[in-house]
Amino acid sequence: MIVVTTPTGQIGQQVLDNIFDSREAVRVIVRDPSRLSPRMRERVEIVQGSHDDIAVVTKAFEDADSVLWLVPPNPQAENPMNYYLNFTQPACEAIKSQGVKRVIGISSLGHDFGTTAGLLSPAFTMDDLIENNGVNYRALRMPFFMENLLHQVNAIKSQGMFFMANAGDHKLATCATRDIADVAAKLLLDHLWTGQDSVSVVGPDDLSPNDMARIISQVLERPIRYQQIPYMEYKATMMQYGMSEAWAQGLIDMAAAQDQGIYNNESRIAQRTPTSFIQWCEEVLKPAFLT
């Protein structure tokens, strides 16, 4: 039995697609089953609810061999660390009580960075909690998601620009969620691995936001520019859109850690995944832009 959390999210949905044709029994935890496609509702067993609920995860983890564990983002959370703990602590209890054999966690590069890393720090705490539980564990550690740019399609359309708090000339390791899902699905279907380790999921390109703008311009055949927003201005803007102050602060602290090279040590030695940034722009960003 494979259990997938956040099955309607970017990663979880692709993982389900990747394991759809396997012979494995698949169970999902989902708040709203109607968000699953009809074919998927026929394929999987559904436990309805939130996976921060001990009753829900206890039921979902019964007889589970492998679990894909992902804490969904909540920009309204008043305390990001507590938010992660409120999901992960019940999960750890259920992992132990139900005898789950293997857990694959969606985390981040930079676990050993050593200082605060904003919204990345709670993910590192999540890893530590699960590992301390003693279960066989693989932490998938990722850098900057290419899909982050999908939130800026409207700005790219209307202004020919995209905006972040990151320095325009600092290179970031990048990855596509399709590659994360591919690695996760292979681990879920592999019943032989044991122990605790991390798996870096890093795409072939290290790019600055200015580099990204150049490639996006090439793919969309129009000039696109990157604009860095000062930290405090970026935080205030995010709060105007309804983000909590703590989550907005976490975003700018994360950007600062990225500019300080939080991904660098692990990305240098990582085996690279196949999806390049230009390929992702052609196959994902451009269709979204043209919609």
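For the stretch 154-185, how many residues meet the condition of being part of a helix (DSSP H, G or I), more than 27 Å from residue 233 (Cα to Cα) and touching a helix residue (DSSP H, G or I) at 6+ places or on another chain (Cβ under 7 Å)? Residues that pass the stated criteria total 7.
Which helices (runs of 4 or more DSSP H) does the stretch 1-113 wholly contain that include 1 or more residues that are within 30 Å of residue 264 (Cβ to Cβ) and modelled with pLDDT of 95 or more? So that I can check it myself, show each step before the final result.
Numbers: elements: 10-19, 38-43, 54-60, 80-98.
In the stretch 1-113, the matching helices (runs of 4 or more DSSP H) lie at 10-19, 80-98.
The set of residues in the stretch 3-41 that are touching a strand residue (DSSP E or B) at 6+ places or on another chain (Cβ under 6 Å) and of a type in the set (Ser, Thr, Tyr) contains only 5.
Test of understanding: among 239, 232, 212, which residue is under 23 Å from residue 262 (Cα atoms), assigned to a helix (DSSP H, G or I) and without any contact (Cβ under 8 Å) to a residue 24 or more places away in the chain? Step through it out loud before you land on a result.
Details: 239 fails: under 23 Å from residue 262 (Cα atoms); 212 fails: without any contact (Cβ under 8 Å) to a residue 24 or more places away in the chain.
It is 232.
Whether a residue is closer than 26 Å to residue 200 by Cβ, free of Cβ contacts under 8 Å to residues at least 60 places away in the same chain and surrounded by fewer than 21 Cβ atoms within 10 Å (Cβ to Cβ) was assessed, and residue 73 passes this test.
Quick check on my filter: what residues within the stretch 260-281 are assigned to a helix (DSSP H, G or I) and over 15 Å from residue 174 (Cβ atoms)?
Filtering the stretch 260-281 down to residues assigned to a helix (DSSP H, G or I) leaves 264-269, 277-281.
Hits for the stretch 260-281 are 265, 269.
Quick check, is residue 65 touching a His at 6+ places or on another chain (Cβ under 7 Å), surrounded by 15 or more Cβ atoms within 10 Å (Cβ to Cβ) and in contact (Cβ under 8 Å) with a residue 12 or more places away in the chain? Break it down into steps so the answer makes sense when it comes.
Details: touching a His at 6+ places or on another chain (Cβ under 7 Å): yes; surrounded by 15 or more Cβ atoms within 10 Å (Cβ to Cβ): yes; in contact (Cβ under 8 Å) with a residue 12 or more places away in the chain: yes.
Yes: the conditions hold for residue 65.
Only one entry of 54, 104, 29 meets the criterion of being touching a residue at least 40 places away in the same chain (Cβ under 8 Å), of a type in the set (Val, Ile, Thr) and under 22 Å from residue 180 (Cβ atoms), and that entry is 104.
Is it the case, given these coordinates, that residue 254 is over 27 Å from residue 77 (Cα atoms), part of a helix (DSSP H, G or I) and touching a Leu at 6+ places or on another chain (Cβ under 8 Å)? Here the answer is no, as residue 254 does not meet what is asked.
Condition first: out of contact with any Gly (no Cβ under 8 Å at 6 or more places or on another chain), aliphatic (A, V, I, L, M), under 25 Å from residue 85 (Cα atoms) and surrounded by 15 or more Cβ atoms within 10 Å (Cβ to Cβ). Now tell me which residues in the stretch 31-62 satisfy that. Quick ask: steps written out before the conclusion?
Going residue by residue through the stretch 31-62, those that are out of contact with any Gly (no Cβ under 8 Å at 6 or more places or on another chain) are 32-54, 57-62.
Next cut, aliphatic (A, V, I, L, M) only: 36, 40, 44, 46-47, 54, 57, 60.
Still in the running and under 25 Å from residue 85 (Cα atoms): 46-47, 54, 57, 60.
Correct list: 46, 47, 57, 60.
The residue that is farthest from residue 104 (Cα to Cα), counting only those in the stretch 185-237 that are small (Gly, Ala, Ser) and within 18 Å of the chain's Cα centre (by Cα), is 203. Within the stretch 186-209, the residues that satisfy the criterion of being of a type outside the set (A, V, I, L, M) and part of a helix (DSSP H, G or I) are 186, 209.
hydroxyl-bearing (Ser, Thr, Tyr) and surrounded by fewer than 17 Cβ atoms within 10 Å (Cβ to Cβ) - does that describe any residue in the stretch 235-244? Yes; the residues of the stretch 235-244 include at least one that is hydroxyl-bearing (Ser, Thr, Tyr) and surrounded by fewer than 17 Cβ atoms within 10 Å (Cβ to Cβ).
For residue 287, indicate whether it is closer than 29 Å to residue 186 by Cβ, free of Cβ contacts under 8 Å to residues at least 40 places away in the same chain and over 17 Å from the mean Cα position of the chain (by Cα).
Working: closer than 29 Å to residue 186 by Cβ: yes; free of Cβ contacts under 8 Å to residues at least 40 places away in the same chain: yes; over 17 Å from the mean Cα position of the chain (by Cα): yes.
In short, yes.
Can you pull out every residue in the stretch 94-123 that is more than 23 Å from residue 29 (Cα to Cα) and within 20 Å of the chain's Cα centre (by Cα)? Step through it out loud before you land on a result.
Looking only at the stretch 94-123, we keep the residues that are more than 23 Å from residue 29 (Cα to Cα), and these are 109-121.
Matches in the stretch 94-123: 109, 110, 111, 112, 113, 116, 117, 118, 119, 120, 121.
The values are calculated or read from the model by the stated rules, or taken from the named source; none is laboratory data. Note that the structure is predicted; figures quoted are calculated from it, not measured. No Cβ is skipped: glycine too gets one built from the backbone with ideal geometry, and neighbour counts run over all protein chains shown.
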